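Asks: Take this structure first; my questions come after.
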């Protein structure tokens, strides 16, 4: 129901208009009638009508003066002018005041209704437009965080097609104008199962940023963060420092203060890898790529902040470039240590392996990832053949590692994951060993199986690794197994040789080397003594029996 106020100095006009409206079917209510413009102003302020019908010529305050006075107060209403003057001057002044609806005396009720009908339709359209605009605004506000997140991710990934990132950011309430820009990867490391900040939720990211902005960063540095993974945060640091050195030192100091506080109050260690500093927002993607390389490459030391330039220089100063292959000798020693349940030794060897991969340059991370994956599967297969019943797919931490590694994995997280895996496997093999009738016999057999290809392996070398005298090892092994050490070693080598020769593509010389014989002639002699056939005859017999 729309509300109308009538202003006219002639009573019969006021009564006629009011009566006509009240008898009509229009959804309009006459809320008051004023005798002049001054009274009309007071009633408008009090009654808040939607439509004003006013005579153009009234004492004290004319209709045009009334309309201007209402306009000056900021009250928004529609106006209809009743006039006996068909004068262009009045019409032009009224148009300047925003009036487009007229009734010329004398007028019929139908003419009044036609004008009011158009006004109602116009107001209904305006109301609908405002309603839709409000919905759009609410929708925009509800999705603003998502819009900002998508915008920032496009900047970091260099996917934005916007010509002016600063202005586009301002349109979505991001103040990105600054003198310098630097990107960082922030990771929170803790042993706690439940951590307050899961960075997959942008609302929690905003909460986190509010905390660190208020507590640790100065007013010249603004932070905007998004997450590509729930375990790490990508941050764009926007600085208005006039000196790049001041920006970097202030940034580093703030992050170090954060680390101390987080360790003290949350038992969380903070690590931040920083890319280079750039003067243009469009270069933020370069800084982000550099920070990713740093966080994937380096094992964190006591410092919580790692800088791309420092790491790059550190690697450039290294005198030796590692060979591009997996450290197989170390891997073999690691497998042996796990099978012997030597936990501390296994962890020490793992540390050597991780340090080896840390020595690779920043561009080799794809190779490092694949090599470590290969190491994990080699461990699993070797331990399964040695009696382990636990597979990597049963380890929840290992499954999560494979899921995360290519996205945001670091060498440090790889080290922690493998340490946990090795400890579990050592505990498993400790139980396996304890169920053997004699641990020493188990260790001897394990060493023999591990050294079948080692020509120099013998009783003395086995004894030295087990920290017993050769005579004691010989006696215990003979007593428990009924076999001599050397005889058992030869038996295992011959069994391995027989298995290898079942593959027709394996050459006899290669089989000999794989079972600890550098001399093919001596190997053939031992083989015939054990099987009754030379290796060549043995291969031919296998083909004939098929």
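Asks: Which pairs do you get when a residue that is assigned by TED's automatic domain parsing to the domain that holds residue 284 and at positive phi, found in segment 167-191, comes within reach of a residue that is surrounded by fewer than 22 Cβ atoms within 10 Å (Cβ to Cβ) and not in a loop (DSSP other than H, G, I, E, B), reach meaning Cβ atoms under 7 angstrom, with the pair 6+ apart or on two chains?
Replies: If the second residue must be surrounded by fewer than 22 Cβ atoms within 10 Å (Cβ to Cβ) and not in a loop (DSSP other than H, G, I, E, B), the pairs left are 173/144.
Asks: Right, another one. Output the residues belonging to segment 45-60 that are in a loop (DSSP other than H, G, I, E, B) and either within 60 Å of the chain's Cα centre (by Cα) or buried (at least 18 other Cβ atoms within 10 Å of the Cβ) (or both). Steps first, please.
Replies: So in segment 45-60, the residues in a loop (DSSP other than H, G, I, E, B) come out as 48-50, 56-60.
Selection gives 48, 49, 50, 56, 58.
Asks: Right, another one. Can you confirm whether residue 472 is over 20 Å from residue 335 (Cα atoms) and either touching a residue at least 40 places away in the same chain (Cβ under 8 Å) or not assigned by TED's automatic domain parsing to the domain that holds residue 536 (or both)? Walk me through it before giving the result.
Replies: Details: over 20 Å from residue 335 (Cα atoms): yes; either touching a residue at least 40 places away in the same chain (Cβ under 8 Å) or not assigned by TED's automatic domain parsing to the domain that holds residue 536 (or both): no.
In short, no.
Asks: To continue, here is another question. Where in segment 438-546 are there helices (runs of 4 or more DSSP H), lying wholly inside it, with at least 3 residues that are within 52 Å of the chain's Cα centre (by Cα)? Show your work before the answer.
Replies: Working: elements: 439-450, 459-466, 470-481, 485-501, 508-514, 520-531, 535-545.
Result: 439-450, 459-466, 485-501, 508-514.
Asks: Identify, please: which residue in segment 264-281 is part of a helix (DSSP H, G or I) and surrounded by 15 or more Cβ atoms within 10 Å (Cβ to Cβ) and is, among those, modelled with the lowest pLDDT?
Replies: Here is the first cut: in segment 264-281, the ones part of a helix (DSSP H, G or I) are 264-266, 281.
Filter once more, so that each one left must be surrounded by 15 or more Cβ atoms within 10 Å (Cβ to Cβ): 266, 281.
Working: 266: 75, 281: 93.
By that ranking, first place goes to 266.
The values are calculated or read from the model by the stated rules, or taken from the named source; none is laboratory data. Remember, it's a predicted structure, so these values are computed and weren't measured experimentally. Virtual Cβ from ideal backbone geometry, glycine too; neighbours counted across all protein chains shown.
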